[in-house]
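Visitor: Before we start, here is the structure in question, set down as structure tokens.
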């Protein structure tokens, strides 16, 4: 059985988009609303306009899942240009300094990368969406303010240099890298800090998110592909099974959850999915004390 057997859930689920460059995350949501014929589309996290890759959207009733998704790990491929700093730490900002980076050695790059791997304190990019006194940092930057953000702890579990390309005429060095990191890590800030460590400055020239939580490029489709076939990546049941740890429940337990009741806890941490024998999601649960209570009922009795 599937979500399509309940008309109210027929179009509910997750859409994983391979975002094109030059679009904001809101642009993608607006386009998908038109393609799917519904206003009920939201996104989990954002991607910079210059970035491409995985953006997770919730559709119809699955929009209620978005704030519960555990999207704490992310993976990227990127290109870092050594020898040029910009005001935004990426290719879209004005150049603020240019330095010949051709003498930077591979050993120095490896040491700089190692220093930015693991549990680190990172100052976010000044054009980030972090709020400063109620206003987004990037909005303050656009208005000409100098924005200084506090360092925050992040985890960079992998920071690998895949290739080095020297641009002798310009004195730049381009590094193709792969990064696995915690949510809240700014790849632009990694590029900036690597350039600072090496004494030549740096910025991002390309950024592609390849995975967020359990969702990767294998789940994703471009907007062009979606225009040809505007279908969900995962219906609400498959989304629950993919994104959360699962607990198998009986029909009687599913009925309890549908009517706003709770189940006995079984010692599962965090938010998890209650799935019946047919693979249908009844609810997302979280245990506290002597109860496993619903934080989102997928199939309430009045649906």
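The values are calculated or read from the model by the stated rules, or taken from the named source; none is laboratory data. As the structure is a prediction and not an experimental result, all values here were calculated from the model. Methodologically, a virtual Cβ is constructed for each residue, glycine included, from the backbone with ideal geometry; neighbour enumeration extends over all protein chains shown.
Visitor: Go through (1) under 21 Å from residue 244 (Cβ atoms); (2) touching a helix residue (DSSP H, G or I) at 6+ places or on another chain (Cβ under 8 Å); (3) not in a strand (DSSP E or B) for residue 28 and report which single condition fails.
Guide: (1)
Visitor: Let me ask something additional. Looking only at residues in the stretch 1-20 that are modelled with pLDDT of 90 or more and in a loop (DSSP other than H, G, I, E, B), which one is nearest to residue 242 (Cα to Cα)?
Guide: 12
Visitor: For the stretch 155-170, how many residues meet the condition of being surrounded by 14 or more Cβ atoms within 10 Å (Cβ to Cβ) and modelled with pLDDT of 95 or more?
Guide: Count: 6.
Visitor: Quick check on my filter: what residues within the stretch 138-148 are at pLDDT 60 or above and in contact with a strand residue (DSSP E or B) (Cβ under 7 Å, 6 or more places away or on another chain)?
Guide: Of everything in the stretch 138-148, just one residue is at pLDDT 60 or above and in contact with a strand residue (DSSP E or B) (Cβ under 7 Å, 6 or more places away or on another chain), namely 147.
Visitor: Within the stretch 232-252, can one find any residue that is in contact (Cβ under 8 Å) with a residue 40 or more places away in the chain, outside the structural domain of residue 57 (by TED's automatic domain parsing) and more than 26 Å from the chain's Cα centre (by Cα)?
Guide: no
Visitor: Return a yes/no flag: does the stretch 114-137 have any residue that is at positive phi, outside any helix (DSSP H, G or I) and at pLDDT below 85.
Guide: Within the stretch 114-137 (the criterion being at positive phi, outside any helix (DSSP H, G or I) and at pLDDT below 85), the answer is yes, since at least one residue qualifies.
Results for (1) at positive phi; (2) free of Cβ contacts under 8 Å to residues at least 40 places away in the same chain; (3) surrounded by fewer than 19 Cβ atoms within 10 Å (Cβ to Cβ), shown as yes or no for each residue.
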{"site": "7", "(1), (2), (3)": "no, yes, yes"}
{"site": "17", "(1), (2), (3)": "no, no, no"}
{"site": "28", "(1), (2), (3)": "no, no, no"}
{"site": "35", "(1), (2), (3)": "no, no, yes"}
{"site": "55", "(1), (2), (3)": "no, no, no"}
{"site": "61", "(1), (2), (3)": "no, no, no"}
{"site": "64", "(1), (2), (3)": "no, no, yes"}
{"site": "73", "(1), (2), (3)": "no, no, yes"}
{"site": "82", "(1), (2), (3)": "no, no, no"}
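Visitor: Further, regarding this structure: Can you tell me which of 53, 58 is at pLDDT 95 or above, under 25 Å from residue 273 (Cα atoms) and either touching a strand residue (DSSP E or B) at 6+ places or on another chain (Cβ under 7 Å) or assigned to a strand (DSSP E or B) (or both)?
Guide: None of the others qualify; the one that does is 58.
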